[in-house]
Structures are given as structure tokens and as C-alpha cells.
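Q: The structure is given below, and queries will be raised subsequently.
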Amino acid sequence: MKKKQCTQIELCKYLDVEAPTITRTLTRMEEMGLVIRNDGKDKRERVIKLTEKAYEMFPKWREAAQDLEIEAINNIDKDELEIFNSILEKMMKNLEQ
């Protein structure tokens, strides 16, 4: 896994989440030793980087997410999932406007 970093603003845009929500979440993650926040190019910019602890935990998180997805889509056929995903994409586009 390639180690990357991004700014807090980039993370907000990527996740489509408001800045205060990201700030609170990153504060908790920093307290847990999962991220490091450093000053960026100016005082307003914060650069986010995952810690080694986060990279070590990532496989467990991925497995848990995959297990949850399998449980969530149990007994739903492929056609139904395609319809659901199509509708969800349209809803997201509506909210972006």
C-alpha cells in the first residue's frame, strides 16, 4: 500500500463532508494514534497523514467492511443491486446540484 497524505480540505471534498465533521473525526483519530496533522503551506492548511498504526490496522478494517457488505446484500440479486446503485447515483447527483 502506497503511503499518501492530503490536506484536510482535499479530504473534505473527496468524502463530500463538511469541514467541522472532518475536524472532529480527525481529532479523535489523532487521539487514537491513527493520523498525524501537520501544518501545510500556510497557517490555514493542515496536511493529514496516516500513522504506521493505521496502516497495520487497515487489513482488519477492510475485512470487517467486506464482511458487513456481504451481510448487507445477502439475499439481494444482482439486478436489484444494479437498480439500487443506479438510483443511489441519481440521488447523489441531485444533492450535488
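Q: On a 0 to 90 degree scale, rounded to 10, what angle separates helix 78-96 from the longest Cα axis of the chain?
A: Around 50 degrees separate the two axes.
Q: What Kirkwood radius, in Å to one decimal, follows from the Cα pairs of region 1-50?
A: 11.1 Å
Q: Would you list, by chain and number, the lysines whose Cα falls below 23 Å from the Cα of residue 78, excluding same-chain residues fewer than 8 positions away?
A: In chain and number order, the partners are 90, 93.
Q: Show log10 I(q)/I(0) for the chain at q = 0.25 Å⁻¹, two decimals, from a solvent-free Debye sum over equal Cα scatterers.
A: -1.23
Q: Using the Kirkwood formula over every pair of different C-alpha atoms, what hydrodynamic radius in Å results for region 58-97?
A: Computed over region 58-97, the radius equals 11.9 Å.
Q: Normalising by the residue count of the chain, find the relative contact order in percent from Cα pairs under 8 Å and 6+ residues apart.
A: Worked out over the chain, it gives 22 percent.
Every number here is computed from the coordinates shown, using simple stated rules; none is lab data. Since this is a predicted model, take the numbers as computed values, not measurements.
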